[in-house]
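*Asks:* Following this message is one structure expressed as structure tokens.
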Amino acid sequence: MRTFSRALERRARAWRARLGQGAPGGVVGRGAAPASRRKPASGVTRAQPSPSALLLALVVALPALAQVGDTSYRLRDPAQEERAREIGRELRCLVCQNQSIEDSDASLARDLRKIVREQIEQGRSNEEVMRFVHDRYGDFVLLRPPFRWSTFLLWATPALAITGGLLAIFVTLRRRTAAPAGLPELTEAERQRLAAIANKGPNPSR
Amino acid sequence: MSDAAAPVPPSRRKLLIYAPLAAATAAGVGFWYMLRGLQDGSFNPRGVPSALVGRPPPDFTLPGIESTGLPALASADLRGLNRPVVVNFWASWCVPCIIEHPQLMALHRQGVPVFGVNYKDRPGDAQAFLTRHGNPFQRLGADEPGRVSIDWGVYGVPETYVLDRQGIVRYRWAGPITPEIMRSDVEPLLRSLGAG
């Protein structure tokens, strides 16, 4: 960790030098304010947090990203809340479609998050909650589609591709080893022609 | 004799040429069908198929909106009518609902019972909408929390369901009932279910 943070520090210094922002804490990158509006680059150097502290702050702040919008209905019991999130991550938000209800801020996703939590509070199992939503919205609501005949190709394609590939390799290898090693024997006529060429050169007529 | 050096027999060579060609043709035809379906609306990769089709609607009781003067709506009202009915989920804040409103009015004029569920709306706004655009509904339930709509599998407004004589859901359309959908889906379905 120490060496890592030192490396970060070195990096940060290099960046600052490259961007020509000598003063620490200056505006960097896109949207940089025009010089007049920029903070006066006085000689006073602001105390700069060390990169490791910044990294720590980032790590501590990460869970904030996992929360969407209104969190007032979160369950008080952390284990129950964790279960609710587990379920929510399996359910598709039908409005935005490529997000789970846990990640979406659509009002329908919010309602479904609430329903999931209410049912968990009532002591229903994960399966029962999932069934409740599945009964209403069908397979489409499940981010992990169930294995059925209609979804056979969807699930089996990777296995089929690997099996096919292995089969192709196996067949090629077997064919290669089945081929006789070395060259076939020359016939008597070929041997005589070869001897003639070896004695007189490639083109005897010239 | 080495197999690798042997020339490929003509029958197999033909297969090697035609097999990829056939696969490409099959893929092309499939793709064409998909594109055609996208164009006429019969194939929608983002469409959510209703889990309710082929089943009776869930049990529910919704309060009415007094200012509209319309009776409230409950699942019992959809049963035993011995004729196909239309259930429409809408809201005054929903712009596509304005687009589909003339079609609902037309259904109402044809004598098809149209039932409304007002989704996450203010009673005053809903009433103003009906005053302005006309009222096609025989009954109207207010689903302000949106829970009954979730029980139906509604994921946005407008959504329209057609129930047969026995009260089984036969059809669901997510999105506005445009004149085209009316002509291609709703009217033929109602005819086949023996409406009017």
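The values are calculated or read from the model by the stated rules, or taken from the named source; none is laboratory data. Remember, predicted model here, so these are calculated numbers, not experimental data. Neighbour counts run over all protein chains shown; Cβ positions are idealised from the backbone, glycine included.
*Asks:* If you check A:107, A:125, which single one turns out to be loosely packed, with under 15 Cβ neighbours inside 10 Å and either more than 15 Å from residue A:86 (Cβ to Cβ) or within 12 Å of chain B (Cβ to nearest Cβ) (or both)?
*Replies:* A:107
*Asks:* Please determine whether any residue of the stretch A:148-160 is in contact (Cβ under 8 Å) with a residue 24 or more places away in the chain and hydrophobic (A, V, I, L, M, F, W, C).
*Replies:* No, the stretch A:148-160 has no match at all.
*Asks:* Taking the residues in the stretch B:135-161 that are surrounded by 23 or more Cβ atoms within 10 Å (Cβ to Cβ) and in a strand (DSSP E or B) as candidates, determine which candidate is farthest from the other protein chains (Cβ to nearest Cβ).
*Replies:* The selected residue is B:140.
*Asks:* A further question follows. Does the stretch A:148-156 contain any residue that is away from every other protein chain (no Cβ under 14 Å) and either at positive phi or surrounded by 15 or more Cβ atoms within 10 Å (Cβ to Cβ) (or both)?
*Replies:* Taking every residue of the stretch A:148-156 in turn, none turns out to be away from every other protein chain (no Cβ under 14 Å) and either at positive phi or surrounded by 15 or more Cβ atoms within 10 Å (Cβ to Cβ) (or both).
*Asks:* Need pairs with beta-carbon distance below 7 Å; first residue assigned to a helix (DSSP H, G or I) and within the stretch B:10-34, second at pLDDT below 90; sequence gap 6+ or separate chains.
*Replies:* So the pair list comes out as B:34/B:43.
*Asks:* Continuing with the same structure: Looking at (1) within 14 Å of another protein chain (Cβ to nearest Cβ); (2) in contact (Cβ under 8 Å) with a residue 40 or more places away in the chain; (3) in contact with a Phe, Trp or Tyr (Cβ under 7 Å, 6 or more places away or on another chain); (4) not in a strand (DSSP E or B), which is the one condition that is false for residue B:89?
*Replies:* (4)
*Asks:* Scanning for something at pLDDT 85 or above, closer than 30 Å to residue B:121 by Cα and among the aromatic types (Phe, Trp, Tyr), does the stretch B:13-26 turn up at least one residue?
*Replies:* no
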